[in-house]
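The values are calculated or read from the model by the stated rules, or taken from the named source; none is laboratory data. All of these numbers come straight from a predicted model, not from anything done at the bench. Virtual Cβ from ideal backbone geometry, glycine too; neighbours counted across all protein chains shown. Just the protein is used for accessible areas: all its heavy atoms, side chains included, with ligands, DNA and RNA removed. Shrake-Rupley method; radii C 1.70, N 1.55, O 1.52, S 1.80 Å.
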Amino acid sequence: MPCTRGRAAAVLALALGLTGCSVLPGGETESLLRAPRLSGETSAVQKALNSYLGGVATLKYPASGDFLSPFLFGDWDGDGTEEAAVLYTAESSGSNVWLAILEPTDSGGWRVSQQTEGLSSEVETVSYAHLRDAQSLQLLVGYDSAQGDRYMVVYLYNSDESLQTVNKQSYTDMLVSDVTDGGDGTEDLVLVLPTETENGGINLQLLTYTGGDTFLAAQTLAVGEGYYSGCAGLHAGVGEDGASYLVVDGWTGSASSLASSIIIYDAESGFLKTYNPPGMSDLSRATQRYDTDLLSMDLDGNGTVDIPTEVADGGNVQENLTNQLHFLLWKDYATEEGGNNIFGVYDSEHRFFLRLPESMHGNVSVKANAGGTGWIIGNLTGDIMYCELRVVDPAETDLRNDKYSRVATIGSQQLQARILTEYYGLTLDDILSGVTVLP
């Protein structure tokens with residue numbers, strides 16, 4: 001599936017797979033991997049493990065990620081029956097973490113079928129993926145060493161109850177997605193590798209299944225060499241034509257700013273490559289922004305990943321608010337004409353974005369409200385005020401008497417809004433649906 005001009009126009013309609021540099025598979029996979037149904041189930045697994053070890057196992061909890069239990073239940077070998085996996089240490093086995101696989105017994109109990117030693121004494125994260133087929137799940141365990149190095153290990157459990165280590169790689173971040181567009185329910189693993197060159201850059205490694213009993217680290221792609229100094233975010237999605245691609249958010253230089261690159265998989269050559277939209281020779285420099293919390297995301301929930309950029313022509317901001325408020329344009333680069341654009345105001349202090357009608361682009365002013373708790377949006381000359389937003393302690397405000405409406409919760413405070421003068425595209429409903437609290 002070569003990257004033709006037509007494909008380039010369609011491939012950029014992105015479905016967000018992740019905020020940040022990690023992603024877990026979707027609902028179908030979640031139905032195959034679950035937390036224990038009852039505490040009795042984990043107790044039975046732990047009892048069987050202790051009996052096998054002849055001692056008491058110390059359970060090891062992952063330090064981060066979306067799955068924080070030492071117990072995992074899923075169909076590891078694809079035989080239609082759930083197995084259990086446990087992360088643990090034992091006095092008789094040294095300080096490193098061990099992974100045990102347990103099979104259910106006919107009597108309703110569990111038995112240990114395999115165990116293997118991990119790479120360090122700490123588990124950073126644990127995840128899973130359909131790397132081999134749509135039926136079985138492979139375990140992805142990230143180990144954290146005392147020196148701060150991280151290692152990703154992919155475990156493959158087979159129907160003959162053998163346990164293989166199919167990949168062992170130093171990494172900084174990871175993502176699971178069907179990058180190669182196999183269309184058969186399988187997924188790929190993308191790792192961000194530590195940068196070891198003087199020129200920096202971001203190195204991506206793709207692990208994909210090639211058939212039989214083997215996996216293939218297809219390649220390592222250097223992104224932004226001499227420009228990026230590290231990875232801040234990695235996002236995956238699927239285009240309108242079903243093709244997948246990645247958006248990489250990278251720190252530039254001394255990590256004082258962010259920029260983004262688009263990566264696509266060329267099925268004809270079997271390689272990842274950097275993609276620049278038509279008419280744009282260097283997307284990363286065009287998307288540079290100086291707020292290093294502004295990661296790409298599916299801002300409007302329409303299935304595309306939007307890349308934020310700061311714009312100087314958005315309008316006027318009162319001088320005492322210029323460090324807090326910024327006009328942004330989020331673009332998904334979904335078409336040759338530039339894709340969808342989302343214009344609005346970003347409050348960097350309280351980490352939320354308000355979408356504004358495109359007709360306000362260049363024709364809007366923002367000033368502080370009377371209480372100093374928020375700001376007011378008006379026309380460019382400032383003689384018409386359209387709406388006010390404020391962030392306050394909800395216990396100290398009366399929404400009914402003040403004629404404000406609750407918009408969102410930001411920490412222990414509440415974002416509230418009220419309409420001052422009606423404007424098409426900036427009604428209260430538009431504000432309620434157009435505010436995004438950023439992670």
Scope the range 118-131; condition open to solvent by 40 Å² or more (accessible area, probe 1.4 Å) and in contact with a Ser or Thr (Cβ under 7 Å, 6 or more places away or on another chain); matching residues: SER121
Yes or no: the range 139-149 includes at least one residue that is over 24 Å from the mean Cα position of the chain (by Cα) and surrounded by fewer than 21 Cβ atoms within 10 Å (Cβ to Cβ). yes
Under the condition of being touching a strand residue (DSSP E or B) at 6+ places or on another chain (Cβ under 8 Å) and either among the β-branched types (Val, Ile, Thr) or open to solvent by 20 Å² or more (accessible area, probe 1.4 Å) (or both), which residue from the range 322-338 is modelled with the lowest pLDDT? LYS331
Flag if GLY80 is open to solvent by 40 Å² or more (accessible area, probe 1.4 Å), within 23 Å of LEU131 (Cβ to Cβ) and of a type outside the set (Ser, Thr, Tyr): yes
Working only within the range 205-219, note down all residues that are under 17 Å from LYS273 (Cα atoms) and either surrounded by 20 or more Cβ atoms within 10 Å (Cβ to Cβ) or at pLDDT 85 or above (or both). GLN205, LEU206, LEU207, THR208
Which members of the range 245-301 meet the condition of being under 21 Å from ASP178 (Cα atoms), open to solvent by 10 Å² or more (accessible area, probe 1.4 Å) and acidic (Asp, Glu)? ASP266, GLU268, ASP298
Considering residues of the range 84-117 that are among the small types (Gly, Ala, Ser) and not in a loop (DSSP other than H, G, I, E, B) only, the residue most open to solvent (accessible area, probe 1.4 Å): SER92
Only one of VAL141, VAL166 that is at pLDDT below 95, within 21 Å of THR208 (Cβ to Cβ) and not polar (S, T, N, Q): VAL166
Output for Cβ contacts, cut-off 7 Å, separation at least six or different chains, first residue on the phi < 0 side of the Ramachandran plot and assigned to a loop (DSSP other than H, G, I, E, B) in the range 149-174, second basic (Lys, Arg) and open to solvent by 50 Å² or more (accessible area, probe 1.4 Å), reads TYR171/ARG150; THR172/ARG150
In this structure, does ASN363 turn out to be open to solvent by 50 Å² or more (accessible area, probe 1.4 Å) and in contact with a Ser or Thr (Cβ under 9 Å, 6 or more places away or on another chain)? no
